[in-house]
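As structure tokens, the structure follows; a few thoughts come after it.
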């Protein structure tokens, strides 16, 4: 028997219910993975509340990343073999001891990357990869602004951007998080609830503004992000931690300097297996080099997933959070 977390109705952390289940056998082109670690991400709360409806409807198992060992493969599987260590970032379904998943979504793990690190970085790290290497290609000499710099994606992305030669400005919510951000690549840290973010960015850039803002916060930072951009700059809005951005008059982009806005997702950037493996390989490379350190700051038993969500939504977390089966 296995254990998974089931959501029977949309709502707060209390709807995350532990339940025993029989894992079953993989079908054609599917794989049964025995999970050793499960990543917790802010997007998991969007599915739990119904902001993002679960693809298969209710009930569903939340969670979008994990790592473990292949226990069995279905007919036609060529991507992995039983006994192989694998990781993934995929749609909901990872809050479980055993997961049946499409083989094409699995990434084989190199021997020198352990499963806990992989589970803590696949979704967040590949998000950082497409943000910095594809959506806007960060080059040496760029000055970038990254909101929530001490969060799961932020700590990875700020280190990576620094490695790419950028000057990194990060926003955080406390002096403790500011210290953490500085230790992970941020050249300048702004406490968003105590300082004028736009004024500080203009001061740092000598009035020019930045070419790109990476914003996973959403509603509460949208206008601030636009005001930090230089003319023809790009706002990359990749999350909704404060709520979704709604009702935008496109004329504001003209008024503020012919700006660009994009709302990307990892799933679009890793839609083919070739894209997925290339994205993961780039992430593995910077982690192996030591250019990016994966920080696991919170660990919870799988059955305590609700506590993990409370901490995440209460902004009491930094770095990556894991659930352990």
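Given axes a ≥ b ≥ c from the Cα gyration tensor, I'd like to know whether the range 121-204 is rounded (a/c under 1.5), prolate (a/b larger than b/c) or oblate.
oblate
Given a Förster distance of 30 Å, report the FRET efficiency between residue 187 and residue 273 from their Cβ-Cβ distance, rounded to the nearest 0.05.
In this case the efficiency is close to 0.25.
Considering the range 39-150, what Rg and Dmax in Å follow from its alpha-carbon atoms?
For the range 39-150, the Cα-based Rg and Dmax read 16.1, 50 Å.
Label-point separation (nm) for residue 139 and residue 232, each offset 7 Å from Cα along Cα-to-Cβ?
The modelled label-to-label distance comes out at 1.2 nm.
For residue 288 and residue 3, calculate 0.36 nm times their separation in residues minus their Cα-Cα distance, and state this gained length in nm to one decimal.
99.3 nm
What are the principal axis extents of the Cα atoms in the range 190-325, in Å, biggest first?
51, 38, 32
Just order 283-291, 205-213 by mean Cβ neighbour count inside 10 Å, highest at the front, would you?
205-213, 283-291
How far is helix 273-289 tilted off the main Cα axis of the chain, in degrees rounded to 10, range 0 to 90?
70 degrees
Could you give the nm distance between label points at residue 203 and residue 223, where each point is 7 Å from its Cα heading toward the beta carbon?
Each label point lies 7 Å from its Cα, and together they span 2.2 nm.
In degrees, nearest 10, range 0 to 90: what is the angle between the Cα axis of helix 152-163 and the longest Cα principal axis of the chain?
Helix 152-163 and the main axis of the chain meet at about 60 degrees.
Starting from the Cα gyration tensor of the range 234-305, take the square roots of the eigenvalues, sort them a ≥ b ≥ c, and report rounded, prolate or oblate (rounded when a/c is under 1.5, otherwise prolate if a/b is larger than b/c, else oblate).
Cα axes put the range 234-305 in the prolate bin.
Give me the extension gain from residue 249 to residue 84: residue separation times 0.36 nm, minus the current Cα-Cα distance, reported in nm with one decimal.
Gain in length upon complete extension: 54.4 nm.
Using just the helices of the chain, give the 222 nm mean residue ellipticity in deg cm²/dmol: DSSP H runs with n ≥ 4 each add -39,500 (n - 2.57), and the total is spread over all residues, rounded to 500.
So the calculated ellipticity at 222 nm is -8500 deg cm²/dmol.
Report, in degrees rounded to the nearest 10, the 0 to 90 angle that the Cα long axis of helix 115-130 makes with the longest principal axis of the chain.
40 degrees
Rg/Rh for the range 140-263 to two decimals, with Rh computed the Kirkwood way over all alpha-carbon pairs.
0.94
Apply the a/c threshold of 1.5 to the C-alpha gyration tensor of the range 281-325 and tell me whether it is rounded, prolate or oblate.
It comes out prolate by the Cα gyration axes.
What spacing in nm lies between the two simple spin-label points modelled at residue 111 and residue 313, each 7 Å away from Cα in the Cβ direction?
Reported label-point gap for residue 111 and residue 313 is 4.5 nm.
So what is the diffusion coefficient of the chain in µm² per second by Stokes-Einstein at 10 °C and 1.306 mPa s, using a Kirkwood Rh over Cα pairs?
Rounded, D is 79 µm²/s.
Calculate how many DSSP beta bridges within the chain are antiparallel, expressed in % of all such bridges and rounded to the nearest 5.
Given both bridge residues lie in the chain, the antiparallel proportion sits at roughly 55 percent.
Test of understanding: ordering 126, 121 by Cβ neighbours within 10 Å, fewest first, what list do you get?
By the 10 Å Cβ count, ascending: 126, 121.
Since every read-out is calculated from the coordinates, none of them should be taken as a lab result. Owing to the predicted nature of the structure, the values given are computational and were not obtained by experimental measurement. Backbone-built Cβ (ideal geometry, glycine too); neighbour counts: all protein chains shown.
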